[in-house]
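The values are calculated or read from the model by the stated rules, or taken from the named source; none is laboratory data. Computed from a predicted model, the values in this text were never measured in an experiment. Heads up, the Cβs are rebuilt from the backbone with ideal geometry, glycines too, and the neighbour counts pull from every protein chain shown.
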Amino acid sequence: MPAHARHIAIALALAALAPISSHAQTVIYSNSGQLGDPGLGGASQTRSGLAAPAGTRWSEVAALGTGPTATASNAVAGFAGFAVPEVSGAHYRFADDFTLPPGSRWRISGARFYVYFAHPTIASPAPSITAANLRIWSGQPGSSGSTILFGDEQTDRLRTIVATDLRRIFSTATVADAPAAIEPTATRIIYQVTLTWPQLTLTAPPAAGTPQTFWLDWQFTPDAAADTQIFAPALTIAGQRSSPGANALQFRLAPPPVLADRWLPLADSGKPASAGSVAQDLPFELLGEIVSLACGPSDVAGANQTVGADGSLSADDIIVFLSWYFAADPRADIAGTNQSSTPDSAFTADDIIVFLGRYFAGC
């Protein structure tokens, strides 16, 4: 068999290889809009001037303005997002969205959420989560036309539960026409809860020209024997009762006359009563990696041998390149004699060898 034919045979065999990929576990998105900041505030003293215990910071429920007084504040320290195993069918869930800019590809393999625990008699209960499940949607959960891309309500994705230095407290600002502020205590320890799963790739094609929005939907299962409940603080921005575009959802019992579990907007009723409810977002972070839609010089094709980079390397890239090679397509002329990087208007084994070298170099 001629040398170039042997190289071609090798290339065809390599076309059956699995795609090249990696599984990074770095933060690629924060719902706060700032990587490294989950969006829970974090101050050395309250608005009323009380210092946080050594080694901790206050995560204080938001109120308007600055200083010890406010015209209005939020009233809820945290929202329920847990299953109630001892009550058949009773449970809460959370959902919130995230957006990919046009022309981007995210490989997502985990998420971090933030919670605190409550117990009828224990001031600072130990973390008590036995499982956590998650789904990712192409549209808003519960809406017509929305579909689940990944996950279910049964598979446990829980990886770690780690205490942060944050302590959740109600607003200490004095608000006219409202009950006195609740005295802050360091009992609501905020924990970072990490969920992981097999890598999921989401893409916002450049051709679409618009961002692509996806939704997370998650739930925690508490240890029934520990008698604890699990609450998530809302995204907290100093001086504001809500965040731009806030639209988180909570799956729960609807008020009369419906009286059925359904997805409802997550909102804070506020203080005083005249302040009115405002929409809330939830703090979460996504783990994985962001790759460009062209991840290397051998990224020449997408699924089903469509021509054009798709952000990953697979057998499709090899097959498309070989089709160019046998058709004497100039796109396959990528090398010269002795595998030099200068095209030479000829189609030889050098082109195939250089292509495969780049392919195995990865994205």
Do we find a residue being in contact with a Leu (Cβ under 8 Å, 6 or more places away or on another chain) and assigned to a loop (DSSP other than H, G, I, E, B) anywhere in the range 79-86? no
What's the total number of residues in the range 215-229 that are assigned to a strand (DSSP E or B), of a type in the set (Asp, Glu) and farther than 27 Å from residue 29 by Cα? 0
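Could you look through the range 209-243, keep only residues that are among the β-branched types (Val, Ile, Thr) and surrounded by fewer than 16 Cβ atoms within 10 Å (Cβ to Cβ), and pick out the one that is farthest from residue 161 (Cα to Cα)?
Here is the first cut: in the range 209-243, the ones among the β-branched types (Val, Ile, Thr) are 210, 213, 221, 228, 230, 236-237.
From what is left, the residues that are surrounded by fewer than 16 Cβ atoms within 10 Å (Cβ to Cβ) are 210, 213.
Values: 210: 36, 213: 28 Å.
My answer is 210.
Right, residue 75: modelled with pLDDT of 95 or more, assigned by TED's automatic domain parsing to the domain that holds residue 222, farther than 24 Å from residue 205 by Cβ and outside any strand (DSSP E or B) or not?
Numbers: modelled with pLDDT of 95 or more: yes; assigned by TED's automatic domain parsing to the domain that holds residue 222: yes; farther than 24 Å from residue 205 by Cβ: yes; outside any strand (DSSP E or B): yes.
Answer is yes for this residue.
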When restricted to 57, 47, the only residue touching a Gly at 6+ places or on another chain (Cβ under 8 Å), buried (at least 21 other Cβ atoms within 10 Å of the Cβ) and of a type in the set (Lys, Arg) is 47
Would you pick out the residues in the range 332-356 that are assigned to a loop (DSSP other than H, G, I, E, B) and among the aliphatic types (A, V, I, L, M)? 334, 335, 346
From (1) part of a loop (DSSP other than H, G, I, E, B); (2) among the hydroxyl-bearing types (Ser, Thr, Tyr); (3) under 30 Å from residue 182 (Cα atoms), pick out the condition that doesn't hold for residue 274. (1)
Residue that is assigned by TED's automatic domain parsing to the domain that holds residue 192, within 22 Å of residue 232 (Cβ to Cβ) and modelled with pLDDT of 95 or more, where the choices are 59, 44: 59
Select from the range 171-208 the residues that are more than 30 Å from residue 135 (Cβ to Cβ), aliphatic (A, V, I, L, M) and in a strand (DSSP E or B) and list them in ascending order. 175
So which of 111, 181, 118, 173 ends up being crowded, with 17+ Cβ neighbours inside 10 Å and within 17 Å of the chain's Cα centre (by Cα)? 111
Pairs, first at positive phi in the range 212-240, second surrounded by 21 or more Cβ atoms within 10 Å (Cβ to Cβ) and assigned to a loop (DSSP other than H, G, I, E, B), C-beta under 8 Å, six or more apart: 239/62
Looking for something in contact with a strand residue (DSSP E or B) (Cβ under 6 Å, 6 or more places away or on another chain), in a strand (DSSP E or B) and more than 24 Å from residue 203 (Cβ to Cβ) - is there at least one such residue anywhere in the range 282-297? no
Hits in the range 305-363 - residues which are closer than 28 Å to residue 290 by Cα, of a type outside the set (A, V, I, L, M, F, W, C) and either in contact (Cβ under 8 Å) with a residue 24 or more places away in the chain or surrounded by fewer than 14 Cβ atoms within 10 Å (Cβ to Cβ) (or both): 306, 310, 311, 312, 314, 317, 331, 357, 358, 359, 362
Going by the conditions given, is residue 70 over 26 Å from the mean Cα position of the chain (by Cα) and buried (at least 23 other Cβ atoms within 10 Å of the Cβ)? yes
Assess whether residue 262 counts as being over 22 Å from the mean Cα position of the chain (by Cα) and modelled with pLDDT under 95. yes
